[in-house]
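Since the structure comes first, as structure tokens, the remarks are kept for the end.
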Amino acid sequence: MYNAIFGSCAVLMMVIVSTSNAVSQIYPSAGTAWVITGHQQAATAPHLQQQFNSATAVSQWEDSHADISIGGHYRQYNANKITQLGYMYSQKLDWQMGKKEQQLRHWMTEKQQDYESLFLHFQDDTQFEIPNNQHGAHTPLYGMPEFVAVQQASTLSQQGQITRIRLPIHQGVVLTNNQSLYLFSSEKLTGLDIELSGQQLEHANMSISYATQDISANTLEYGWQPLLSAPLSTLLTSRWPLPTSWPRVAIAAPLSVQLGGHLTIKHARFFVLKITFNNLATDATLTKIRLPSWYQWSEKSNKHFVTIPGWDPINDNNNDGYIDDREYQQRLNRNARARLPYQARLIPLGRMWNESSALCYVNLFSADNRTLLSNYLQQQWHQRGYQGAYNDSLYRVPNRTQFPTSQGGKILELQLPVRQAGRFYWQSLSAFNQHLQHIDSQAWIGANISDLNLFSQPDLHPLVAGFNFFVREDYIHPSLGLSQQRGLLQRWEHFLLSAQGKRSVLMAHMRKGGKVRWQGHSQTNWQHDQTTNLAIFYLLNNPSLDFYQQWNQSFYYSSKNTRIDNYFQPGIPNNVAYQPTAMLQQDIGNPIPAPANYPAIEYVDSANNTIAVSTDSQITLHKQTLPITPSHWFYLYRKSALTLPWQTTVPQEAVIARQYQQGLILYYTDRKGKNKQFSEQASVTLELPGRYRRLNANGSLSDPITTITLTGYQGIILVPAPQSL
């Protein structure tokens, strides 16, 4: 039986290796990865100051001690050994146009295509509950302009200097007669709210005009068309109809360099307003400048709601992309009150990242959009030396979680409610990623799915085809249980992915129990948990497909130095401290079938029902039979609750084992995991299936042993010892 299973496994592994993009492997039995390198520092720990005496020295070490690096950078060092992978958030673009948005809009303008077609829009006014937070508060979504500059008053002989105003305004900006503000916006604006303080404003006035030609330091006074003029007061709420022709204009150097920010981006163009204060008898102080909101905000029963206005093209009689007052009064869809399409974009208000977030969901249902976005990614990867990228926010798609609607919700481009859109959006995202793989079969196209089981729901199946590698953040921790909350016996999904040739970055953390979490940052505790995490990785490892990364208890990654709150010794470059380098250097070969007479392990589903065993090469899920890589896990020990002879149950505790060509991996755990009492009190002594030497944290080997004593949540790596005479 073992011969047959091993034969099929060998064939399967040959298929996997042949269909995967080969990566040079630093260590003999494990692939390794870095996550979000950057901000390298010279070591301050005394014993490492000579070896790591500069940021460059740290980067050089990182370049030669892992196979891949995801999401990071080596700005001060030209990394040439490691495979570098970037970020890609294919499902979103920013309202405030950065490098990506400006490049896409430039291409579309050249082809006379509408930039707005890149986005999804609500067709009807859509209300949904939002959390009470500051997400997006410092963006135009909540009224803050993107970029404002102030120019000192010019004279006949000299043009006034122009400087950027930091927003939000905390200290008022003093304005003198004939001074001007310049407001730069990614989209056309229909109004402006300004607050001033000062005396004798009654004879002063304000004029607003818009730019009609590119701007340079020498042409600030030219190419403006008036929008409105109004008497000055302490509170100005200005509104205007859109001009028939309002172009986006470029800001030439050195003015763009002087002002900085997004103005310096290649192909950057903006809609620009000039606000001039005339006939000021005395100085006035600008205390606030805001954009009028196109959203409606409300509160009911201590819950906060927002209504995004709908955009329906049937209301735009002349198809100019703007609903003027006459069209607004005559609109056929009375439930769509957006004046401009961008006001109806699908934006998950309250569910972004921070106060500077302004993400808009992309229309990936369009094949043209998918082609355009893939062209951009290919260009960026080539320029930066990336071999691909991964999506770190796969869960952020238009669905009922992002938009818990209580009114409206129909997506114009899909003609379905947003609550039903998640499955279809994942399908379109998968189609986009498959297009990327078709363009470049060597590209790494990945996503962070943490411990999500992509085979648990049919809606998630398209994602398997859409990616060729997965980042499994927080997938390993040093108190991992057997069955509860996706325990080891539910990690069969990882071997399903490997059977389809999918690579994985398996990330180990310290935040869910373990000696470090429960007993503190000592060298002994760190070495115990690092050894356990590496042992769990070797239980899961599919050679040439899986890559290991060890981190601390946080989700904040960098190449900075350790601190007293995240390691037992401060001043060591993070990756130097956390990677179990000495143990990884030990060659244990590849996984092989279990020794004779040891029971295979039963995989279970979320209800703890047995669905396969560790020697299986196929598994049936949702009435579909899929290939699975045999893990050949076996029980070296298990303790079960009393059951009737025909009943099966997950053991109360067990030692999970996996045999390698030159190694044996053991991990002692209980059913639920994360049990401090089990960690401190449990112990088991076992006969080993031969003579072994234990691999220590420093890379040394113990004397030969034939028995082993394990404590709760302890993982170890054993290396065969020569048989005694």
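The values are calculated or read from the model by the stated rules, or taken from the named source; none is laboratory data. It should be emphasised that the depicted structure is a prediction, and the values quoted were computed from it without experimental measurement. Glycine also receives a Cβ, built like all others from the backbone with ideal geometry; neighbour counts cover every protein chain displayed.
Got a number for residues in the range 655-665 being within 10 Å of TYR538 (Cβ to Cβ) and of a type in the set (A, V, I, L, M)?
The initial filter retains those residues of the range 655-665 that are within 10 Å of TYR538 (Cβ to Cβ), namely 658, 660, 663-665.
Applying the additional criterion that residues be of a type in the set (A, V, I, L, M) yields 664-665.
Of the residues in that region, 2 qualify.
In the range 80-103, the residue that is farthest from the chain's Cα centre (by Cα) out of those that are among the aliphatic types (A, V, I, L, M) and closer than 29 Å to ARG503 by Cβ is ILE82.
If you go through the range 114-173 and keep only what is of a type in the set (A, V, I, L, M) and outside any loop (DSSP other than H, G, I, E, B), you end up with LEU118, ILE130, LEU141, VAL148, ALA149, VAL150, ILE162, ILE165, VAL173. Comparison of PHE455, PHE470 shows that the only residue that is among the aromatic types (Phe, Trp, Tyr), surrounded by fewer than 23 Cβ atoms within 10 Å (Cβ to Cβ) and either over 30 Å from THR531 (Cα atoms) or in contact with a strand residue (DSSP E or B) (Cβ under 6 Å, 6 or more places away or on another chain) (or both) is PHE455. Set side by side, the residues LEU497, LEU480 differ, and just one is buried (at least 24 other Cβ atoms within 10 Å of the Cβ), in contact with a helix residue (DSSP H, G or I) (Cβ under 9 Å, 6 or more places away or on another chain), over 18 Å from THR629 (Cβ atoms) and modelled with pLDDT of 95 or more, which is LEU480. Scanning the range 310-350 for residues that are aliphatic (A, V, I, L, M) and outside any helix (DSSP H, G or I), we see that the one that is surrounded by the most Cβ atoms within 10 Å (Cβ to Cβ) is ILE347. Within the range 241-265, residues that are without any contact (Cβ under 8 Å) to a residue 40 or more places away in the chain have Cβ atoms under 7 Å from residues that are surrounded by fewer than 17 Cβ atoms within 10 Å (Cβ to Cβ) and in a loop (DSSP other than H, G, I, E, B) in these pairs: PRO247/THR212; VAL249/GLN213; VAL249/ASP214; ALA250/ASP214; ALA252/ASP214; ALA252/SER216; PRO254/ALA217, counting only partners at least 6 apart in sequence or on another chain. Here the range 219-233 is the region considered, the condition is being farther than 24 Å from TRP294 by Cα and in contact (Cβ under 8 Å) with a residue 40 or more places away in the chain, and the residue that is surrounded by the fewest Cβ atoms within 10 Å (Cβ to Cβ) is GLU221.
Between PRO131, PRO140, PRO168, the distinction of being in contact (Cβ under 8 Å) with a residue 24 or more places away in the chain and buried (at least 16 other Cβ atoms within 10 Å of the Cβ) belongs to PRO140 only.
Could you tell me how many of the residues in the range 500-534 are among the aromatic types (Phe, Trp, Tyr) and either in contact with a strand residue (DSSP E or B) (Cβ under 7 Å, 6 or more places away or on another chain) or at pLDDT below 95 (or both)? Qualifying residue count, the range 500-534: 0. In the set ASP114, ASP94, ASP125, only one residue is surrounded by fewer than 20 Cβ atoms within 10 Å (Cβ to Cβ), farther than 19 Å from ASP392 by Cα and charged (D, E, K, R); that residue is ASP114. Pairs are defined by a Cβ separation below 7 Å, a sequence spacing of at least 6 or placement on different chains, a first member in the range 278-299 that is part of a loop (DSSP other than H, G, I, E, B), and a second member that is acidic (Asp, Glu); the pairs so defined are PRO292/ASP193. Considering the conditions (1) touching a helix residue (DSSP H, G or I) at 6+ places or on another chain (Cβ under 8 Å); (2) over 21 Å from GLY143 (Cα atoms); (3) assigned to a loop (DSSP other than H, G, I, E, B); (4) not aliphatic (A, V, I, L, M), SER256 is excluded by exactly one of them, (3). Scanning the range 446-466 for residues that are in a helix (DSSP H, G or I) and of a type outside the set (A, V, I, L, M, F, W, C) turns up PRO458, ASP459, HIS461, PRO462, GLY466.
Within the range 204-223, being more than 21 Å from TYR322 (Cα to Cα) and of a type in the set (Gly, Ala, Ser) holds for ALA204, SER207, SER216, ALA217, GLY223. Per the listing LEU189, LEU201, LEU236, the residue uniquely in contact (Cβ under 8 Å) with a residue 24 or more places away in the chain, in contact with a Phe, Trp or Tyr (Cβ under 8 Å, 6 or more places away or on another chain) and either under 30 Å from GLU327 (Cα atoms) or not in a strand (DSSP E or B) (or both) is LEU189. Restricted to the range 541-650, the set of strands (runs of 3 or more DSSP E) holding at least 1 residues that are touching a residue at least 24 places away in the same chain (Cβ under 8 Å) and under 27 Å from ILE716 (Cα atoms) comprises 546-550, 602-604, 610-613, 634-639.
Out of GLN434, GLN383, GLN415, GLN427, one residue alone is more than 30 Å from ALA344 (Cβ to Cβ) and surrounded by fewer than 21 Cβ atoms within 10 Å (Cβ to Cβ). It is GLN383.
Residues of the range 363-375 that are buried (at least 18 other Cβ atoms within 10 Å of the Cβ) and hydroxyl-bearing (Ser, Thr, Tyr): SER374 alone.
Scanning the range 351-374 for residues that are out of contact with any Pro (no Cβ under 9 Å at 6 or more places or on another chain), of a type in the set (D, E, K, R) and assigned to a loop (DSSP other than H, G, I, E, B) returns a single hit, GLU355. With respect to the conditions (1) surrounded by 15 or more Cβ atoms within 10 Å (Cβ to Cβ); (2) under 26 Å from the mean Cα position of the chain (by Cα); (3) in a loop (DSSP other than H, G, I, E, B), TYR390 falls short on a single one, namely (3). Within the range 393-405, the set of residues being of a type in the set (Ser, Thr, Tyr) and either in a helix (DSSP H, G or I) or over 16 Å from the mean Cα position of the chain (by Cα) (or both) comprises THR401, THR405.
Applying the condition of being surrounded by 14 or more Cβ atoms within 10 Å (Cβ to Cβ) and hydroxyl-bearing (Ser, Thr, Tyr) to the range 674-698 and asking which residue is farthest from VAL655 (Cα to Cα) yields TYR692. Looking across the range 666-718, just one residue is in contact with a Ser or Thr (Cβ under 8 Å, 6 or more places away or on another chain), farther than 19 Å from ILE656 by Cβ and aliphatic (A, V, I, L, M), and that is ALA697. Of all residues in the range 474-502, those that are farther than 30 Å from TRP518 by Cα have Cβ atoms under 6 Å from Cβ atoms of residues that are assigned to a helix (DSSP H, G or I), 6 or more apart or on another chain, in GLY501/ILE16; GLY501/THR19.
With the requirement that a residue be part of a helix (DSSP H, G or I), more than 27 Å from GLY385 (Cβ to Cβ) and among the small types (Gly, Ala, Ser), what does the range 406-430 give you?
ALA421, GLY422, SER428
Is it the case that the range 181-190 has a residue that's farther than 25 Å from TYR115 by Cα and exposed (fewer than 13 other Cβ atoms within 10 Å of the Cβ)? No, the conditions are met nowhere in the range 181-190.
Contact map, the range 508-531: residues that are closer than 15 Å to THR669 by Cβ and of a type in the set (Asp, Glu) paired with residues that are in a loop (DSSP other than H, G, I, E, B) and at pLDDT 95 or above, Cβ distance under 7 Å, separation 6+ or inter-chain. Pairs shown: ASP529/PRO478; ASP529/MET510; ASP529/GLY514.
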